[in-house]
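Read the structure below first, then the notes.
The values are calculated or read from the model by the stated rules, or taken from the named source; none is laboratory data. Just so it is clear, the structure is predicted and the values come from calculations on it, not from any experiment. For neighbour counting, all protein chains shown are included, and Cβ atoms are generated from backbone atoms with ideal geometry for every residue, glycine included.
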Amino acid sequence: MIQLIAFYLFATITIASAAMVIFARNPVHSVMWLILAFFNAAGLMLLAGAEFIAMLLVIVYVGAVAVLFLFVVMMLDIDFAELRAGFVRYLPLGALVAIILAAELVFAVGAWNAGGVDLAARVAPVAEDASNIQQIGELLYTRYIFLFEAAGIVLLVAMIGAIALTHRQRGGTRGQNIAAQNRRRPHEATRLVDPGVGQGMEL
Amino acid sequence: MTEFFQNLGMSYEWAWGVATVCGILLIALPLMLAVAMIIYADRKIWAAMALRRGPNVVGPFGLLQSFADGLKVFLQETIIPSSANRGLFLIAPIITFTVALMAWAVIPFNSGAVLADINVGLLYILAVSSLGVYGVILSGWSSNSKYPFFSAMRASAQMISYEVSIGFILIGVVLFADSFNLNEIVRVQQGHGLGIVNAFGFNLLLFPLAVLFFISSLAETARTPFDLTEAESELVAGYQTEYSSMSFALFWLGEYANVLLMCTLNAVLFWGGWLPPIDWAPLYAVPGIIWLFAKILFFFFAFSWVKATVPRYRYDQLMRLGWKVFLPISLIWVFLVSGYLMLTRYS
């Protein structure tokens, strides 16, 4: 009973906040609705018994990705009139994407009803008693190790690409070399002089 | 507790619901009281280290100072800047406060005395603490003022940077404990140091991680020397500048609840949680919650000590420490710990 109520609560809020992402006038509000949608999706994952995925969803999407979104959106100088003017221009493209997505959904539900998807025929049956993390870990590091490492390499390449694109050598900046500062001893940095009267000293 | 309410004649669902609400109140109300008292303790400790008296007027030894302050802000007017984004401006402190309370759900106060004894306890803590950043960013942005915005940018960059290395430090602990469940992590620490000491911190391989975690938790809660988010010489009061009355108090409470949480995590992850420090039978006669509180208070004293004695970092130095020092060291330590465990436990 509690689970049923929780499911409908999470599902309703997910859909409603996903809709609000599009309808909200203020882009920062949009991002906040998106975060709420992520949250409730994590709740749905919990109900499905996938607590590891749920936590990852919150840590990765809410804790990192959405923060980046929020940063970018907050920094933007947004002209609302211009945004609304673009609406008509992008309407055909948006409608096309929406139609394709809707068609795919219909196909997916049709395939499901026709029995094309058999969830019972899993490649690796899972033990009931082990926890989520252990199950995922065991599969990931044995059966799917090459895919896992390939994903890692793709991410590494993407990271190097991002760094190479944004890194620029700036001339004329004075950096701080903390190791050199720590190495410096008083006798290298100071000097004791005793200038005669009227002679001054060389710096 | 669910059984207790079931014995009173409730159905399982109702008993569970009532028991959970009672559990939440049992944690949240003493926590609020503890926050009020540690604010007082914090001020007294700084005062003692600066050879001042500290709060000593309200109540005996000034013990009621925090309550007087709380009453004062409660009676003040909430001012909302005219060009602020009203909704988000009011939600931001609520987010900070709620998130600071949420993480306590998985903290074990004694063997089995935990509100939600979940498998992914440590991940839950990471997830919840990564939410804390939203309260700060939103308050900075919605105030529509320059200093709060700068402060919010600083705070979010700082929190995200140190969360990365905290994640790797936690992985070291999880590898040793073989579990994400906080209660299990505490239990594994029993007799960990030579069969005598109940703490991961006495393991030579984990001690550096304990030090890193302590420093990272200072940065994560934006305490001195990493309190650049409210560096008053540069940013007035940081992201809280435009806040007044209760909305300000919520930030204040949330901040200290977070500090207590980080002290607790230090105690639970590295110094044996509710276990007595030494694995010796008579010490187990003292309830575990007292040992845990003693450890929390010790770490809180260390937090105040640092605040009273260490000067503030510069922002680029803070970032350098996070990304160029802590991150490589914690990564190398994940490698070392897993290598050690492969050699000894899993070979």
Would you check which residues across segment B:182-227 are of a type in the set (S, T, N, Q) and part of a helix (DSSP H, G or I) and list them? B:183, B:216, B:217
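Every residue, every condition in (1) in contact (Cβ under 8 Å) with a residue 24 or more places away in the chain; (2) part of a helix (DSSP H, G or I); (3) farther than 23 Å from residue B:307 by Cβ, yes or no:
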| position | (1), (2), (3) |
| --- | --- |
| B:5 | no, yes, yes |
| B:19 | no, yes, yes |
| B:22 | no, yes, yes |
| B:25 | no, yes, yes |
| B:46 | yes, yes, no |
| B:51 | no, no, no |
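Evaluate segment A:41-49: report whether one residue or more is loosely packed, with under 14 Cβ neighbours inside 10 Å and within 12 Å of another protein chain (Cβ to nearest Cβ). Spell out how you get there, then give the answer.
Taking segment A:41-49 first, the residues loosely packed, with under 14 Cβ neighbours inside 10 Å are A:48-49.
Now restrict to residues that are within 12 Å of another protein chain (Cβ to nearest Cβ): A:49.
Looking through segment A:41-49, at least one residue is loosely packed, with under 14 Cβ neighbours inside 10 Å and within 12 Å of another protein chain (Cβ to nearest Cβ).
Residue under question is residue A:64, and the condition is that it be out of contact with any strand residue (DSSP E or B) (no Cβ under 8 Å at 6 or more places or on another chain), over 30 Å from residue B:163 (Cα atoms) and either of a type in the set (Gly, Ala, Ser) or facing another protein chain (nearest Cβ under 10 Å) (or both); does it hold? Even if it seems obvious, please write down each step before you answer.
Working: out of contact with any strand residue (DSSP E or B) (no Cβ under 8 Å at 6 or more places or on another chain): yes; over 30 Å from residue B:163 (Cα atoms): no; either of a type in the set (Gly, Ala, Ser) or facing another protein chain (nearest Cβ under 10 Å) (or both): yes.
Answer is no for this residue.
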Kindly list the number of the only condition in (1) within 14 Å of another protein chain (Cβ to nearest Cβ); (2) more than 19 Å from residue B:98 (Cβ to Cβ); (3) out of contact with any helix residue (DSSP H, G or I) (no Cβ under 7 Å at 6 or more places or on another chain) that fails for residue B:9. (1)
Every pair of residues 6+ apart whose Cβ atoms lie under 9 Å, when the first sits in segment B:274-285 and is assigned to a strand (DSSP E or B) while the second is not hydrophobic (A, V, I, L, M, F, W, C): B:278/B:198
Can you tell me which residue in segment A:1-37 is nearest to residue A:49 (Cα to Cα), limited to those that are within 14 Å of another protein chain (Cβ to nearest Cβ) and exposed (fewer than 14 other Cβ atoms within 10 Å of the Cβ)? A:3
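Would you say residue A:138 is acidic (Asp, Glu), within 30 Å of residue B:325 (Cβ to Cβ) and not assigned by the TED database to the domain that holds residue A:49?
On the way: acidic (Asp, Glu): yes; within 30 Å of residue B:325 (Cβ to Cβ): no; not assigned by the TED database to the domain that holds residue A:49: yes.
Considered against the rule, which asks whether it is acidic (Asp, Glu), within 30 Å of residue B:325 (Cβ to Cβ) and not assigned by the TED database to the domain that holds residue A:49, residue A:138 comes out as no.
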